[in-house]
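Heads up: the structure comes next, in structure tokens.
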Amino acid sequence: MRIGWFVAAIVATLALDVVAAPADELARLNGTWNCSGIAPGSVATERYTRGRDGTIVLENDVQTSTGLLGTVVERSTFDRAHHLWHLDAAATDDFEGMALTAEPPTGTTWTFTGTETMRGRAVRVRIIYAFARDGFRRTHQRAAGAGWHDDASYFCLPAANGAAHRRRPSGEYLGRVARAKPASAPTPIPTAIPTPVPTPTPVPTRTPTPEPTLVPTPIAVDESYAFDRTNERWTTVTQAYAYRGIASPWVGASWIFDGTVPSGNRRAPVRMIYKTLGSNAFAREYRRPGGNGWNTFHAETCRRS
């Protein structure tokens with residue numbers, strides 16, 4: 001009886017050791033995030049919840065660049081005895097199972113390393129969280145030789161800031177176009193014989209009402225840019241979160257922001273690119289992912305006034 005009680009006590013102690021890390025350590029993840037992938041066509045909605053026992057559950061509705069759709073559920077628990085996080089994801093019909101571990105996050109990164117079952121064999125993989133001020137990047141990597149190869153990378157922004165903001169598209173004008181009135185029908189020509197044919201009565205015509213000149217209505221859209229010195233990156237937010245993105249410091253002739261725009265109940269990936277045109281002008285392009293990479297759907301040239 002004493003041995004049985006002793007073993008039971010050890011089991012109870014171990015069970016108590018698998019508890020959460022400090023409650024505020026990963027509070028930044030709580031909630032729903034809209035994520036856009038670097039690969040064209042890859043998007044995800046990530047929902048993080050935390051149980052009373054400290055377990056973090058991620059429900060990840062993901063669409064890969066190859067068109068694969070599915071939901072992956074990841075469960076992370078903290079083992080206080082070994083000071084490690086354990087991440088487990090059960091295999092589904094579309095995605096493989098994973099078992100990874102990570103030390104508690106330090107600074108702006110959190111790295112899980114472990115294995116994923118691929119075609120019946122275990123492959124070394126890792127998941128890296130890189131936290132920014134307004135979001136985070138989550139990268140999936142697979143071991144390749146002596147290094148790591150990116151399988152997928154998603155930049156995530158809070159879904160609460162993703163309310164759709166409709167902007168009037170370029171080239172849309174206000175006003176109505178007056179339609180010209182048709183000309184009056186000609187007077188019938190008498191044809192009685194032998195009465196000579198008279199000269200036809202001139203057909204009266206009306207000058208069409210001139211169409212009014214239309215002037216496009218100017219639209220003002222506020223954009224803000226902020227530099228995060230801790231993470232050495234820029235963040236841009238357009239009015240009502242119509243566009244949000246991040247970029248490394250501008251080096252060279254171009255400056256590339258990876259971000260998202262509202263698209264239904266989600267946010268779709270859009271890339272914004274600045275290009276220098278001398279000291280007094282620059283070009284700016286907006287691109288969305290397509291079958292052949294990133295396709296430009298809007299471009300503008302700006303000059304210093």
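Hey, could you check the stretch 145-162 for residues that are at pLDDT below 85, open to solvent by 50 Å² or more (accessible area, probe 1.4 Å) and in a strand (DSSP E or B) and say which is farthest from TYR225 (Cα to Cα)?
That would be ASP151.
Just checking, how many residues over the stretch 252-263 are closer than 16 Å to PHE227 by Cα and open to solvent by 60 Å² or more (accessible area, probe 1.4 Å)?
So the count comes out to 1.
Which residue is most open to solvent (accessible area, probe 1.4 Å), if the candidates are limited to the stretch 264-305 and must be small (Gly, Ala, Ser) and in contact with a Pro (Cβ under 9 Å, 6 or more places away or on another chain)?
Of everything passing the filter in the stretch 264-305, GLY291 is most open to solvent (accessible area, probe 1.4 Å).
How about the stretch 35-76: which of its residues are open to solvent by less than 40 Å² (accessible area, probe 1.4 Å), more than 22 Å from ARG271 (Cβ to Cβ) and assigned to a strand (DSSP E or B)?
TYR48, ILE56, VAL57, LEU58, ASN60, ASP61, GLY70, VAL72, GLU74, SER76
What about ARG124, is it open to solvent by 50 Å² or more (accessible area, probe 1.4 Å), in a strand (DSSP E or B) and not polar (S, T, N, Q)?
yes
Name the residues in the stretch 229-262 that are in a strand (DSSP E or B), among the polar types (S, T, N, Q) and under 16 Å from PHE136 (Cβ atoms), would you?
THR235, THR260
Restricting the search to the stretch 271-305, which residues are under 15 Å from the mean Cα position of the chain (by Cα) and touching a residue at least 60 places away in the same chain (Cβ under 8 Å)?
Once the filter is applied, which keeps residues that are under 15 Å from the mean Cα position of the chain (by Cα) and touching a residue at least 60 places away in the same chain (Cβ under 8 Å), the stretch 271-305 yields PRO289, GLY290, TRP294.
The values are calculated or read from the model by the stated rules, or taken from the named source; none is laboratory data. All values derive from a computational prediction rather than experimental measurement. With ideal geometry, Cβ positions are generated from the backbone for all residues, glycine too; neighbour counts draw on all protein chains shown. When the accessible area is computed, the model is the full protein with side chains, heavy atoms only, and any ligands, DNA or RNA have been set aside. Shrake-Rupley method; radii C 1.70, N 1.55, O 1.52, S 1.80 Å.
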